[in-house]
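Below you'll find the structure, written out as structure tokens, and then a few comments.
The values are calculated or read from the model by the stated rules, or taken from the named source; none is laboratory data. It should be emphasised that the depicted structure is a prediction, and the values quoted were computed from it without experimental measurement. Using ideal geometry, Cβ is built from the backbone for each residue, glycine included, and neighbour counts are taken over all protein chains shown.
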């Protein structure tokens, strides 16, 4: 068995451990009175052990892949996003050991699972490093930034639990609507995964020629049935679906098609869940968080941000500037990824000031932690895949 | 200025919310709160006291944290707008007209509006820089406005506090000690010292404090930010910042722009690629080879003193280096970066002066495209006059050949061939795969023989004297933000009343969870009555009443 195969199996093992861990944490909640002072019971201990086993397996994936490729596996969308998931689990383990609140696991682990599943939809082959990435700063900058982001992620986990605990889902309100929307977005990620896996299993591939924004002819390969066609497309593959709409060159119809299928699959899955359980997804989580101490959740959310802020500043801004100075001779270049790192930083700076001076605690603060994490995900997904720049790797 | 007189007899400056001596609430608003507002220790803030002159008004505006947060959010939104479309400096066209055309061609009407509004160069726009400047001013003023009063009140803390202060803390406890009455305060003192608190005692009152320095974290990081922003602004000062670029062909030696007296020679440009078998994403994107290394081997020279500036003579070798991406050549604060390259630029073109009929050559001429001669004389006396040279031939305009650029991408020539048979000379226009004979059929032609090419490196030269300032700013910021985030200021007040009752109050600026752990240890060790968290009680009551309201 080669290192790269071993690496793949270890990632599977980690994925399954996190899945099992989620259910064990859920089991730990039902039997105990979940307060800050209460010690985790047997279930909680087993859940923690399983999660740590999963983390060690994923660390094994990380190290073996590193040994195989010769560089830290954070150089493309699959590698970075997987590492991000790993750091979320690490941050969760540390916070759980400190605060012993099982509800954190019920939200944090599924988020890590979704992120790793999402990552696996991107090409997983090993590709050699282009000259600009050949630097030890790749390892230092990317891992520190990812660690900071994942601790911000834990604050969103605590924020979400706070909201699930305190928002009345039976009432029609803005809060209940948006909370359910957040849940729906999580299902959309599942939709993306299911759509990708389905069409992949069918070996679907269709090639088109099209005219791009600079009036040049290029080809595009669709891995999902083309609902939207590229500008002035010509079909190159036989027996494939003819696009229903043709879009102008400015819009990448192939990516839009992927979005379309993900939303379609996600919505169907969501509706099925609603039909079968006859409940909102947020409502299904509520029994699990019923006994959570709100004040403690609020504090965990705030403390996570306090822990993450210096790490994020160091990794995503300072180390980034040092590397940029070393590689391009300028520490700042207004590249979209840089700008969005700055936006993330400014957002959390605003959060800290709102909390310190305006006394924003509780719900307001919880919503901010969720919005902050959405900005981080935007920087990961949209900025990499849609907005072109120096950091587009997939 | 008016003074606020507290019940305890202490005179406080106007704007104070908690008496600086005993901690009693002073304002009506403060009195109505169940838990005291401990931000800035209730001290008077300049912006909340003066509001008269124009300076006061400006000061008040920028000192407001609300304004500060608004400025952060505005900066955030403005920065995000600049990422909707690529900024101008990422687009490889030169003139404004070309830029405008690019945005409208590629992005349609949206691109036109984006360009017209100046959003395509947002980060260099005056309004954006003003926004950043305003944020900087806000940071300075708000820090002074709040930092100084906070420092004063932290320095002048009394040990004994008023009942109203103690009872209005978030964590309170009151009751008889569960054991041994006499030693309680000693036990408290000892226990808190073990927990690494700074303990002060006056009569029957104790103030224990830990991590006070963390309160200064926010102000320290603001200082770091300001130093950093000053460093950034210094880029505009002449001489602080050099940003030049140069194209250097292999074998060429040229003066380094922005670095007087230095010359750089391009010894060789190296492009290496991986020999991996393309798979997956690489195939999908149609990339056949992945670059492994871009490198320019250079020699840096320095001109000896008393030489003619700009002339490549009297050179002394300084060092040889292979400039790679991520590995710039550094010398005396200057750094040379590998930024771009152009492969196989035509260096010389060789032609045969050939008789069209007999295919016999009268000899070869070799034209160095960087230094074309007007006249080339062959050994046998024949001559070729170079009447015109068009490095990047782009077609004819009114019968005259045109060149798009000065780069030899598509060289074209007008030759006059003077041979014994044609003493008057024959004119011929020669471009790649194209020959025109404007004066009718010629006897001779310039037959293309071969070409020599070479690579060209695009290098950037940077010199930044502000870097040390930026580093200092960054370090101060990181120290401040770490102090403010990873430490917290915990205080515990304990008082034993005449009847032996223990009254306790505790406050921390963050991390109540750990504060409670300290209190648990203290309570156990000194047999104190159980404390309560008033905010938790309040929250629970709030949730309960809300639920009742809904269900009933």
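Pick out the one residue from B:160, B:155 that is free of Cβ contacts under 8 Å to residues at least 24 places away in the same chain and farther than 20 Å from residue B:530 by Cβ. The unique qualifying residue is B:155.
Consider the range B:427-454 and keep the residues that are free of Cβ contacts under 8 Å to residues at least 60 places away in the same chain and closer than 19 Å to residue B:394 by Cβ. The one that is surrounded by the most Cβ atoms within 10 Å (Cβ to Cβ) is B:429. Looking across the range A:336-373, the residues that are within 25 Å of residue A:140 (Cβ to Cβ) and at the interface with another protein chain (Cβ under 8 Å from one of its Cβ atoms) come down to A:336, A:339, A:340, A:342, A:343, A:346, A:347, A:349.
Looking only at residues in the range A:300-319 that are surrounded by fewer than 24 Cβ atoms within 10 Å (Cβ to Cβ) and more than 10 Å from chain B (Cβ to nearest Cβ), the one that is nearest to the chain's Cα centre (by Cα) is A:315.
Search the range B:30-47 for residues being away from chain A (no Cβ under 13 Å), surrounded by fewer than 19 Cβ atoms within 10 Å (Cβ to Cβ) and assigned to a helix (DSSP H, G or I), and hand back the single one that is modelled with the lowest pLDDT.
As a first pass, look at the range B:30-47 and keep what is away from chain A (no Cβ under 13 Å): B:30-32, B:34, B:41-44, B:46.
Cutting the leftovers down to surrounded by fewer than 19 Cβ atoms within 10 Å (Cβ to Cβ) gives us B:30-32, B:34, B:46.
Right, trim to assigned to a helix (DSSP H, G or I) and you get B:30-32, B:46.
Values: B:30: 81, B:31: 81, B:32: 82, B:46: 66.
Among them, the one singled out is B:46.
Note on the range B:77-106: residues that are closer than 20 Å to residue A:384 by Cβ and modelled with pLDDT of 85 or more total 9.
Say we look at the range B:255-274 and pick out the residues that are surrounded by fewer than 16 Cβ atoms within 10 Å (Cβ to Cβ) and within 12 Å of residue B:302 (Cα to Cα); which of these is farthest from the chain's Cα centre (by Cα)? Step by step, filter the range B:255-274, then rank; the result is B:261. If the condition is being surrounded by 13 or more Cβ atoms within 10 Å (Cβ to Cβ) and without any contact (Cβ under 8 Å) to a residue 40 or more places away in the chain, then the range B:339-364 contributes only B:363.
Within the range A:166-189, restricting attention to residues that are more than 25 Å from residue A:296 (Cβ to Cβ) and more than 14 Å from chain B (Cβ to nearest Cβ), the residue that is surrounded by the fewest Cβ atoms within 10 Å (Cβ to Cβ) is A:174.
Residue under question is residue B:147, and the condition is that it be buried (at least 18 other Cβ atoms within 10 Å of the Cβ), in contact (Cβ under 8 Å) with a residue 60 or more places away in the chain and in the same structural domain as residue B:64 (by TED's automatic domain parsing); does it hold?
Working: buried (at least 18 other Cβ atoms within 10 Å of the Cβ): yes; in contact (Cβ under 8 Å) with a residue 60 or more places away in the chain: yes; in the same structural domain as residue B:64 (by TED's automatic domain parsing): yes.
Yes: the conditions hold for residue B:147.
Residues in the range B:28-45 that are over 17 Å from residue A:356 (Cβ atoms) and touching a residue at least 12 places away in the same chain (Cβ under 8 Å): B:29, B:30, B:33, B:34, B:44.
With respect to the conditions (1) assigned to a helix (DSSP H, G or I); (2) modelled with pLDDT of 85 or more; (3) surrounded by 17 or more Cβ atoms within 10 Å (Cβ to Cβ); (4) within 13 Å of chain A (Cβ to nearest Cβ), residue B:539 falls short on a single one, namely (2).
Of the helices (runs of 4 or more DSSP H) lying entirely inside the range B:48-124, those containing at least 3 residues that are within 9 Å of another protein chain (Cβ to nearest Cβ) and closer than 25 Å to residue A:347 by Cβ are B:65-81.
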